[in-house]
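Trainee: Mind having a look at this structure? Questions to follow.
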Amino acid sequence: MVIAPSLLASDFGRFAAEAARADRSGAEWLHLDIMDGHFVPNISFGPEVVRVVRDHFTRFLDVHLMCDQPEILLEPFVQAGSDGLTVHVELHDRVTPLLWKIRSLGKKVGLAINPPTNISEVKKYLPQIDVLLIMTVNPGFGGQPFIEECVPKIQQAAIWRRQEGHRYRIEVDGGINDTTAKECARAGADTFVSGTALFKKPNLGAAVRRMRKLTAAEGGHLPIP
Ligand code: DX5
Ligand code: ZN
């Protein structure tokens, strides 16, 4: 299982210290939400924050681009130290060139899907991706409640992965806490983004270990990309 604290829920005045805290927690990934104020009604942080974080988090930087024009952002985020880049299937006919571009930059390829979008929209991209990011809240803000109706999408993604022999990780993002993480693991998720339920805890390491233990007890295991 992979636990990915989301920096969006960290102390914005202490990004370096918060990234170091996440590193000490043993979290396999650190999730970085990039918001442009167009694709989502919020603005978060850019490549320079990733560059700061890169010096303090030694494992996988999982960059989630909630942006209308990721084409112009891929290279700056790669140069800043990103390990994986995720774009949204809601970008429609621009998705394929974006996935190819991320691959050509030598990074892990992620595709995200919003709650209202039908899971069938991602099917044709599955052979090309390393991570399928199933949003369990409408993107833009941390601290929102988990949307139960997204769980069948996790189950469908797990069925397709098994039936067609794909290797993508199934990542869930939004309202993930110990309870919803267990539910998502049971449905087939193996990678858990969590902001409020992890970063706000005084002992992040204990919270990460607890979520990993709970999810491992519920679901399968996949090698970490
Ligand atoms: C929402 C972001 C999520 C968010 C998760 O648009 O994509 O990664 O930071 O935060 P919580 O865990 O608080 O819902
Ligand atoms: Zn995210």
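Trainee: Given the conditions (1) within 16 Å of ligand 1 (Cβ to nearest atom); (2) without any contact (Cβ under 8 Å) to a residue 60 or more places away in the chain, which single one is not true for GLU48?
Mentor: The failed condition is (1).
Trainee: Now for a separate question. I need the full set of residues from the stretch 60-72 which are over 17 Å from THR117 (Cβ atoms) and either at pLDDT below 95 or out of contact with any Leu (no Cβ under 6 Å at 6 or more places or on another chain) (or both), in order please.
Mentor: PHE60, ASP62, GLN69, GLU71, ILE72
Trainee: Now, a different point. If I ask for residues that are farther than 20 Å from GLY174 by Cβ and either part of a loop (DSSP other than H, G, I, E, B) or at pLDDT below 95 (or both), which ones from the stretch 80-129 would you list?
Mentor: GLY81, SER82, ASP83, LEU105, GLY106, LYS107
Trainee: Filter the stretch 143-158 down to residues that are part of a helix (DSSP H, G or I) and open to solvent by 60 Å² or more (accessible area, probe 1.4 Å), then give me how many there are.
Mentor: So the count comes out to 4.
Trainee: Let me ask something else. Give the residues of the stretch 107-142 that are of a type in the set (Val, Ile, Thr), over 25 Å from LEU7 (Cα atoms) and open to solvent by less than 20 Å² (accessible area, probe 1.4 Å), sorted by residue number.
Mentor: Listed by number, the list holds a single entry, VAL122.
Trainee: Out of ALA197, ALA206, ALA189, report the one residue that is small (Gly, Ala, Ser), part of a helix (DSSP H, G or I) and buried (at least 20 other Cβ atoms within 10 Å of the Cβ).
Mentor: Only one candidate qualifies: ALA197.
Trainee: For ARG51, state whether it is within 15 Å of the chain's Cα centre (by Cα) and over 20 Å from LEU111 (Cα atoms).
Mentor: It is false that ARG51 is within 15 Å of the chain's Cα centre (by Cα) and over 20 Å from LEU111 (Cα atoms).
Trainee: Note down all Cβ pairs under 7 Å where the first residue falls in the stretch 124-142 and is in contact (Cβ under 8 Å) with a residue 12 or more places away in the chain and under 24 Å from GLY37 (Cα atoms), the second is of a type in the set (Asp, Glu) and near ligand 1 (Cβ under 8 Å from one of its atoms), and they're at least six residues apart or on different chains.
Mentor: Partner pairs satisfying both residue conditions: LEU133/ASP173; MET135/ASP173; THR136/ASP173.
Trainee: Could you figure out which of (1) within 16 Å of ligand 2 (Cβ to nearest atom); (2) more than 26 Å from ALA185 (Cβ to Cβ); (3) among the aromatic types (Phe, Trp, Tyr) isn't true of TRP100?
Mentor: It fails just one condition, (1).
Trainee: Return the residues of the stretch 162-173 that are open to solvent by 10 Å² or more (accessible area, probe 1.4 Å) and in contact with a strand residue (DSSP E or B) (Cβ under 7 Å, 6 or more places away or on another chain); say none if nothing qualifies. Before the answer, list the steps.
Mentor: Looking only at the stretch 162-173, we keep the residues that are open to solvent by 10 Å² or more (accessible area, probe 1.4 Å), and these are 162-167, 173.
The answer is ASP173, and nothing else.
Trainee: Mind telling me which of the residues LYS153, LYS201 ends up being within 14 Å of ligand 1 (Cβ to nearest atom) and charged (D, E, K, R)?
Mentor: LYS201
The values are calculated or read from the model by the stated rules, or taken from the named source; none is laboratory data. Since the model is a prediction, treat every value here as computed from it, not as a measurement. Note that we place each Cβ from the backbone using ideal geometry, even for glycine, and neighbour counts take in every protein chain shown. Accessible surface is based on the protein model in full, side chains and every heavy atom, while ligands, DNA and RNA are left aside. Shrake-Rupley method; radii C 1.70, N 1.55, O 1.52, S 1.80 Å.
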